[in-house]
Amino acid sequence: GKTHSFYTVCHERAMNVDQIAELAKKELDAAEAGVTNARQYLREAEERLIRARDQFVEADLRRNSSWNSMYRRLLEYKRTHGDVLVLTSKDSPHDVRKLSKWVQNQRVHYKYYTNGDTKHIKKHRIDALNKIGFVWNMLEHAWEINFNDLKSYREEHGNFNVPKKYCARLNSFVASIRKAMRRKRGGHYQRELTEDRIDRLNSINFAWGVKNPARTTRSAGEEENARGDDCLIDLLADFKGHYGHVHVAKMMSIWRSGAEAPAKQEYKRLTSFIAAVRNEHELFSEGKPCSLLDEEKVRRLTELGVKWKRPASEPRINSGWMKRKKIEKDGNDNGEDNDNNADGEFDVEQVEVSIISDQAESMADHAESKTDQIFDT
């Protein structure tokens, strides 16, 4: 009797386990179906979000604003000239120079954007410019053109010895990258010769023509250049003593106009010197090797009043409202505005994402909670 009772209890418990397992299986199937539905809903939500963003961009670009007006002029320029570079010369019409200035401003705003200062240009406007092949970095663009032309020359002639008469631009490009490699192997940082560019040049078996071994000490020529830099700083101090400032470029424009002659002809050398040290100061600020500057020279130049370039990551003051006040009074002289935060604009991500994504995530969370309950059981 005891044995029969024991088997009866075991059988009942086994039936209960089977029932629990069957129920758990149903719950698991339901949860998996919920997760599948939630994922499908998310995919559909993403598609709706993309369509809504595209519609928003199209609607925003149809608004009456100076940015949109210049954008449409850029489209017309592309249809006529086949590119969006908008290169100008002294003979270019006023409207072309105006458009060129606007294009340059977009590049500056994009540089700020990539460094976290996003108030000057919005992402959907960046996307709109990307769609028409906008060139954000002219130096990078020029390097790509030269590289492709050099590659074609190599395929046609079998070497990299580009005669100056054949193409002066390409001849200069080859000479510059070989010089940059010599300086790089000599321990100097070369911004234009990145590792990626070296790899690309090596991929076409570029003949560097560099035989000089790496040096850790300055040559006699470099020592002479260092002393020459000190002399130029002394010359700049003399310039400031005579004119009361270090705005050499401003004085150069006056000298060229013939309104005034320089007190010393040597002062003309200071224009290129200041431009070079201001460019190299960016490397110095990043702690990279420099060929012109050291701490003592930076100190002396700063004390003289040389204005260094502001880092691109440093936020700029958004003076759009001040510009609009000036436009109302004087009229817009360059087609530029700062209407990124103008009234009437909306952000599609705040409208669409908050509604669609929240619902989809809620469904997914519910399905996952069901799954967790089943596995806990």
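Below, the figures for the structure above:
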quantity: Residue within the range 306-320 that is within 30 Å of Gly241 (Cβ to Cβ) and at pLDDT below 85 present; calculated: yes
quantity: Only one of Arg72, Arg43, Arg51, Arg63 that is at pLDDT 80 or above, over 28 Å from the mean Cα position of the chain (by Cα) and closer than 30 Å to Ile126 by Cα; calculated: Arg43
quantity: Count of the range 74-114 residues which are open to solvent by less than 40 Å² (accessible area, probe 1.4 Å) and part of a loop (DSSP other than H, G, I, E, B); calculated: 4
quantity: Any pair with Cβ under 7 angstrom, 6 or more apart, that starts in the range 252-276 at a residue that is under 15 Å from His242 (Cβ atoms) and ends at one that is outside any helix (DSSP H, G or I) and hydrophobic (A, V, I, L, M, F, W, C); calculated: Trp255/Ala261
quantity: Top-ranked residue of the range 8-33 - restricted to ones that are in contact with a Ser or Thr (Cβ under 8 Å, 6 or more places away or on another chain) and open to solvent by 60 Å² or more (accessible area, probe 1.4 Å), ranked as modelled with the lowest pLDDT; calculated: Ile20
quantity: Condition met for Glu32 (acidic (Asp, Glu), out of contact with any Phe, Trp or Tyr (no Cβ under 9 Å at 6 or more places or on another chain) and closer than 18 Å to Gly133 by Cβ); calculated: no
quantity: Exclusive hit being modelled with pLDDT under 85, farther than 28 Å from Tyr113 by Cα and not in a loop (DSSP other than H, G, I, E, B), set Ser291, Ser272; calculated: Ser272
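Yes or no, residue by residue, for (1) in a helix (DSSP H, G or I); (2) among the polar types (S, T, N, Q); (3) open to solvent by less than 80 Å² (accessible area, probe 1.4 Å):
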site	(1), (2), (3)
Asp238	yes, no, yes
Val246	no, no, yes
Glu266	yes, no, no
Arg278	yes, no, yes
His281	yes, no, yes
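Okay, residues lined up against (1) farther than 30 Å from Asp95 by Cβ; (2) part of a helix (DSSP H, G or I); (3) open to solvent by 90 Å² or more (accessible area, probe 1.4 Å):
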residue: Val35; (1), (2), (3): yes, yes, no
residue: Gln40; (1), (2), (3): yes, yes, no
residue: Arg43; (1), (2), (3): yes, yes, yes
residue: Glu46; (1), (2), (3): yes, yes, yes
residue: Leu49; (1), (2), (3): yes, yes, no
residue: Val57; (1), (2), (3): no, yes, no
residue: Asn64; (1), (2), (3): no, no, yes
residue: Ser69; (1), (2), (3): no, yes, no
residue: Arg72; (1), (2), (3): no, yes, yes
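The values are calculated or read from the model by the stated rules, or taken from the named source; none is laboratory data. The structure presented is a predicted model; accordingly, all values stated were derived computationally and were not measured. Don't worry about glycine lacking a Cβ; one is built from the backbone with ideal geometry, like all the others, and counts go over all protein chains shown. The area values use the complete protein model at the heavy-atom level, side chains included, leaving out ligands, DNA and RNA. Shrake-Rupley method; radii C 1.70, N 1.55, O 1.52, S 1.80 Å.
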